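These notes concern the structure reproduced below.
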Amino acid sequence: MPPMMPNPGPLFGGSATTPKEDKPRFQRIHPNSRAAHKALDGKIGERQQAVLDTVTRLGEATDRQVMEAMGFSDMNQVRPRITELLAAGELEECGAEKCLATGRTVRIVRRTPQ
């Protein structure tokens with residue numbers, strides 16, 4: 001019978017757990033992180049608020065239109081915030097159109113009626 005070898009870990013073909021653990025090490029969350037997340041629950045960040053204000057002012061807009069109206073040059077400066085606001089129910093998708101810059105069909109969002 002061959003000798004027992006230590007678990008080489010995920011970088012070398014092993015698993016993220018050691019034989020004595022039943023949960024992956026990377027899933028442990030520090031209590032301070034949990035408390036910080038709970039304190040933010042239900043609040044929106046500054047960038048989210050700025051995106052929400054811009055969409056409200058524009059009425060309906062694509063992600064690119066929001067980006068341009070806010071003076072940004074990178075879609076990643078607004079797209080994640082729009083997605084978060086959609087998930088939170090602050091914005092809703094209200095249509096789609098072909099983007100003149102990319103030729104792709106993109107979403108149109110608007111403020112969710114209160």
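The values are calculated or read from the model by the stated rules, or taken from the named source; none is laboratory data. From a predicted model like this one, the values you see are computed outputs, not experimental measurements. Reconstructed Cβ throughout: ideal geometry from the backbone, glycine too, with neighbour counts over all protein chains shown.
Before moving on, here are some points about what is shown:
- On the stretch given as segment 51-66, residues that are part of a helix (DSSP H, G or I), in contact with a helix residue (DSSP H, G or I) (Cβ under 8 Å, 6 or more places away or on another chain) and either more than 12 Å from R111 (Cα to Cα) or in contact (Cβ under 8 Å) with a residue 40 or more places away in the chain (or both) total 6.
- A single entry from A88, A69 fulfils the requirement of being closer than 15 Å to Q49 by Cα, touching a residue at least 40 places away in the same chain (Cβ under 8 Å) and not acidic (D, E): A88.
- Some residue of segment 91-113 being among the aliphatic types (A, V, I, L, M), crowded, with 16+ Cβ neighbours inside 10 Å and part of a helix (DSSP H, G or I): no
- Selection status of G59, at pLDDT 60 or above, exposed (fewer than 13 other Cβ atoms within 10 Å of the Cβ) and in contact with a strand residue (DSSP E or B) (Cβ under 8 Å, 6 or more places away or on another chain): yes
- Tally, over segment 72-85, of residues that are assigned to a loop (DSSP other than H, G, I, E, B) and within 14 Å of A50 (Cα to Cα): 2
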